[in-house]
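All remarks here apply to the structure that follows.
The values are calculated or read from the model by the stated rules, or taken from the named source; none is laboratory data. This one's a predicted model, so the numbers in the text were calculated from it and none came from an experiment. Positions of Cβ are generated from backbone atoms using ideal geometry, with glycine treated the same way; all protein chains shown enter the neighbour counts. In case anyone asks, the SASA skips ligands and DNA or RNA and just uses the protein heavy atoms, side chains included. Shrake-Rupley method; radii C 1.70, N 1.55, O 1.52, S 1.80 Å.
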Amino acid sequence: MVTTLDDTKRLAIAERLADLKEFQNLIISNDQKLIDACPYLDIRERLENMLSDDRKNLGIIDTVIVQYGIHAEPSAATNIFIQQFEQMMSGNEFTFYQKLIHHGLLKHGQAMSGITIHKAAQKVGADIEVAIMPLNTVNFEGRAHQEQLKGMLEQVGVREMTGEDADQGIWARLQDAIATLSGAAGSTITQNTDKKDMNIQTLIRLDHTKVNTIFTEIAATKDPQKLQEYFGQLYKDLLAHAQAEEEVVYPRIRLFYGDKNTLELYGEQAQMKRMLDEIKSINPASANLFKSKVKQLMDVVGDHIRQEEFTMFPVIDKNFSNAQKEQMATEFKAAKSKIQEEMAASRRW
């Protein structure tokens, strides 16, 4: 039987994602502190725009953590750093210019963390790369913010030393151009900046893509350790996805989708859960038997995915407004996160 559904490398990435979220919260808090302390109207307006981006990026990080499917606590080192940073930024020892420098360093560290998580994902599993793909937006916009901060530092530093504005030279214009391009590239990866969340179809489709990627990974290996790792992730992802759909999505669409079609979706997921538990009882060392059962599961899940994407999604589009679809996505994400945390706490797997 599958002895554990946890993998140390995946747990390490989960901790880094938890760190990333804590640092994003720190960035948001520090954005506000800088805005409150800023003596320059033009700089304050740019910081307010940055704060708006950072709040949306926190939502993207939340989405990534839920898509990743493994929850962890931030590292002890991160908690210590945040306490020390907040204490430093709250004091009067630094000028506004110096505080802006430290904010830029914080932004740089956050961008590097996102890039490092991507690089680690390439070593651990293609399904992780799929799950964390929305982090590209956070990384691109973080790059844009770094360039904007360089321009702000130029202005603030000269003002503090001379009381006059810095000349707008070629380098400053180049920084603004890079910032604009980076921000635009980031925004195109996931959603328009005026949206509060992805719509429910996009969020469900992300789950479907990840699950299909795991099935591909299982088909490509006979290594019992890898089979156990991939199945562990598949088991957790499918159960959390199914329960969240049953709590949030299916009751909402039943009136428009019909009792028969909706009950069929419930029935398919009940069959899927039984098959997951059956596969869990098989030793991955019996690779051929294990993979043949996974193939049967893949066929059932594939039929379920096709029904949702080709018949359920159009019903949602026809009967729900964009705001309602985004709200459903927010509720789905929250339900899935709660389910994942409860499963981890109870060790149901």
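Tabulated data for the structure shown
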| quantity | calculated |
| --- | --- |
| Residue in the stretch 68-76 that is open to solvent by 30 Å² or more (accessible area, probe 1.4 Å), modelled with pLDDT of 90 or more and part of a helix (DSSP H, G or I) present | yes |
| Within the stretch 252-349, helices (runs of 4 or more DSSP H) holding 2 or more residues that are open to solvent by less than 60 Å² (accessible area, probe 1.4 Å), in contact with a Leu (Cβ under 7 Å, 6 or more places away or on another chain) and touching a residue at least 24 places away in the same chain (Cβ under 8 Å) | 259-280, 287-307, 322-346 |
| Matching residues, the stretch 62-94, being without any contact (Cβ under 8 Å) to a residue 24 or more places away in the chain and among the small types (Gly, Ala, Ser) | Ala76, Ala77, Gly91 |
| Qualifying residue in the stretch 30-46 (condition: within 21 Å of Val138 (Cβ to Cβ), surrounded by fewer than 18 Cβ atoms within 10 Å (Cβ to Cβ) and among the β-branched types (Val, Ile, Thr)) | yes |
| Close pairs (8 angstrom Cβ cut-off, 6 or more residues apart or separate chains): over 28 Å from Asn57 (Cα atoms) in the stretch 144-164, in a helix (DSSP H, G or I) and open to solvent by less than 40 Å² (accessible area, probe 1.4 Å) anywhere | Glu160/Phe96 |
| Residue check for Gln243: assigned to a helix (DSSP H, G or I), open to solvent by less than 10 Å² (accessible area, probe 1.4 Å), polar (S, T, N, Q) and under 30 Å from Lys56 (Cβ atoms) | no |
| The lone exception for Asn288 - which of (1) among the polar types (S, T, N, Q); (2) over 19 Å from Val211 (Cα atoms); (3) modelled with pLDDT of 95 or more it fails | (3) |
| Tally of residues being touching a residue at least 40 places away in the same chain (Cβ under 8 Å) and open to solvent by less than 50 Å² (accessible area, probe 1.4 Å) across the stretch 95-111 | 9 |
| Yes/no for Ile80 being surrounded by fewer than 16 Cβ atoms within 10 Å (Cβ to Cβ), at pLDDT 95 or above and part of a helix (DSSP H, G or I) | yes |
| When residues of the stretch 19-29 are limited to those that are of a type in the set (A, V, I, L, M, F, W, C) and open to solvent by 10 Å² or more (accessible area, probe 1.4 Å), the one nearest to the chain's Cα centre (by Cα) | Phe23 |
| Residues within the stretch 112-169 that are assigned to a loop (DSSP other than H, G, I, E, B), closer than 24 Å to Asn25 by Cβ and open to solvent by 20 Å² or more (accessible area, probe 1.4 Å), tallied | 1 |
